[in-house]
């Protein structure tokens, strides 16, 4: 069983440890030590990173036998070298790292990452306790993410109560209360006022925020609440019948504030308004955009009718009707509007192709024409690729791999051949 030094001193950054064995885990080398400063993924908190000798630690795993596996950035193909060659018999192979059972290695964690996790995890204890104390709302789960952390509450809480819990959590932070570690048997813990009863047996590790929270927890925490810095709630939403609350502590809260400051500052400059006027200015812009879209839709319709008349007037006269075969600089909606307007009069067969590649194709016909639009489109796609479909009077497709002229020539031939 690995001695977890972080259990009693989460501020310990490094140690020397004896290698107990070298394993393989998912294609990588995993080292088991007699003791460690590395925290494994557990209880919603991510693992520590750092180094063992000259190797980077890329994962830390809490194993069923009570040991902790330190997964290295070295693949299992070098396991023989690690286990056998890095030994006293081959000292030149490694001056700083001898991965063989019974030999000593230096372990060092990434301290900024660890301290960030300590801030977030302790902040979670305080925030969860605030919801519990003020509104009797328990936390059902916690996740410490790379950029933000979340707690899931057992039920929804209105915005005013969320603000109140946030204020209460920060009161505890700014009072700089001690955060202590102690151990108790499961029987002893059952007699204590734990925020959440523990189902674990044996000796429990308890984290206490003075006169505010007592929880069974194996994670790493700061020594005083003042080190949390601040607890800032970023967002909240309904989640599985309860509520998910996103929050930021310490440096993460500062980074989020900086991002928001920069975003609001840019909006202020672009909109030429003060910060508190930004929401109203955006709302006015949205209303103006809606009005402009309606006006543009009307203009597009007028333009489509005009161009459709122009195309119809220059149609090719054939035995199978008047053919409108055009390459048009338009998107799918523009092609559809044009093609739909022409067959309102009898006698027309329309094929419009986009000038952009891969080509968009729209086929339409008047009711009195025998050539079916969907069949003509299928024939074109069989020859030039693409996907699409439609009905006898109208069909559209895209992804045809040919020039507009080639597609239109093929369509002309198919229509004339009936």
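The values are calculated or read from the model by the stated rules, or taken from the named source; none is laboratory data. Remember, it's a predicted structure, so these values are computed and weren't measured experimentally. Cβ placement follows ideal geometry from the backbone for every residue including glycine, while neighbour counts extend to all protein chains displayed.
If the condition is being surrounded by fewer than 24 Cβ atoms within 10 Å (Cβ to Cβ) and over 20 Å from residue 400 (Cα atoms), then the range 344-370 contributes 344, 345, 346, 347, 348, 366, 367, 368, 369, 370.
Checked against the criterion of being part of a loop (DSSP other than H, G, I, E, B), in contact (Cβ under 8 Å) with a residue 24 or more places away in the chain and surrounded by 12 or more Cβ atoms within 10 Å (Cβ to Cβ), the range 267-276 contains not a single residue that satisfies it. Do the conditions hold for residue 417, that is, is it within 21 Å of residue 322 (Cβ to Cβ) and out of contact with any strand residue (DSSP E or B) (no Cβ under 9 Å at 6 or more places or on another chain)? Judged against the criteria, residue 417 is a match. Inspect the range 309-322 for any residue being crowded, with 16+ Cβ neighbours inside 10 Å, in contact with a strand residue (DSSP E or B) (Cβ under 6 Å, 6 or more places away or on another chain) and in contact (Cβ under 8 Å) with a residue 40 or more places away in the chain and give the result as yes or no. The answer is yes; a qualifying residue exists.
Going by what's in this entry, would residue 359 be described as at pLDDT below 85 and either under 22 Å from residue 398 (Cα atoms) or out of contact with any helix residue (DSSP H, G or I) (no Cβ under 8 Å at 6 or more places or on another chain) (or both)? Against the criterion (at pLDDT below 85 and either under 22 Å from residue 398 (Cα atoms) or out of contact with any helix residue (DSSP H, G or I) (no Cβ under 8 Å at 6 or more places or on another chain) (or both)), residue 359 does not qualify. None of 182, 200 is in contact with a strand residue (DSSP E or B) (Cβ under 8 Å, 6 or more places away or on another chain), surrounded by fewer than 16 Cβ atoms within 10 Å (Cβ to Cβ) and modelled with pLDDT under 90 except 200.
So that you can scan it fast, the table gives a plain yes or no per residue for (1) touching a helix residue (DSSP H, G or I) at 6+ places or on another chain (Cβ under 6 Å); (2) modelled with pLDDT of 95 or more:
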{"site": "136", "(1), (2)": "no, yes"}
{"site": "163", "(1), (2)": "no, yes"}
{"site": "175", "(1), (2)": "no, yes"}
{"site": "178", "(1), (2)": "no, yes"}
{"site": "186", "(1), (2)": "no, no"}
{"site": "204", "(1), (2)": "yes, no"}
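Of all residues in the range 146-170, those being closer than 13 Å to residue 126 by Cα and either surrounded by fewer than 15 Cβ atoms within 10 Å (Cβ to Cβ) or not assigned by TED's automatic domain parsing to the domain that holds residue 218 (or both) number 1. Taken over the range 244-264, the criterion of being at pLDDT 90 or above, touching a helix residue (DSSP H, G or I) at 6+ places or on another chain (Cβ under 8 Å) and either under 16 Å from residue 126 (Cα atoms) or outside the structural domain of residue 225 (by TED's automatic domain parsing) (or both) is satisfied by 245, 247, 248, 249, 250. Filtering the range 221-260 to residues that are surrounded by 20 or more Cβ atoms within 10 Å (Cβ to Cβ) and either within 25 Å of residue 12 (Cβ to Cβ) or within 18 Å of the chain's Cα centre (by Cα) (or both) leaves 221, 222, 225, 228, 229, 245, 247, 248, 249, 250, 252.
For the range 201-220, filtered to residues that are under 33 Å from the mean Cα position of the chain (by Cα) and assigned to a loop (DSSP other than H, G, I, E, B), the residue that is farthest from residue 184 (Cα to Cα) is 220.
This table checks each residue for (1) in the same structural domain as residue 152 (by TED's automatic domain parsing); (2) at pLDDT below 95; (3) more than 23 Å from residue 218 (Cα to Cα).
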{"site": "9", "(1), (2), (3)": "no, no, no"}
{"site": "21", "(1), (2), (3)": "no, yes, yes"}
{"site": "29", "(1), (2), (3)": "no, yes, yes"}
{"site": "39", "(1), (2), (3)": "no, no, no"}
{"site": "43", "(1), (2), (3)": "no, yes, no"}
{"site": "54", "(1), (2), (3)": "no, yes, yes"}
{"site": "58", "(1), (2), (3)": "no, no, no"}
{"site": "73", "(1), (2), (3)": "no, yes, yes"}
{"site": "76", "(1), (2), (3)": "no, yes, yes"}
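Please verify whether residue 147 is touching a helix residue (DSSP H, G or I) at 6+ places or on another chain (Cβ under 9 Å) and at pLDDT below 95, treating the condition exactly as stated. So residue 147 fits the description; yes.
Residue 386 passes all but one of (1) closer than 20 Å to residue 358 by Cβ; (2) in contact (Cβ under 8 Å) with a residue 40 or more places away in the chain; which number fails? The one condition residue 386 does not meet is (2). Of all the residues in the range 26-50, those that are in contact (Cβ under 8 Å) with a residue 40 or more places away in the chain and within 13 Å of residue 114 (Cα to Cα) number 8.
Screening residue 17 against (1) in contact with a strand residue (DSSP E or B) (Cβ under 7 Å, 6 or more places away or on another chain); (2) more than 22 Å from residue 204 (Cβ to Cβ); (3) surrounded by fewer than 19 Cβ atoms within 10 Å (Cβ to Cβ) leaves a single unmet condition, (3).
Considering 412, 365, the condition of being over 46 Å from the mean Cα position of the chain (by Cα) and in contact (Cβ under 8 Å) with a residue 60 or more places away in the chain is satisfied by 412 alone.
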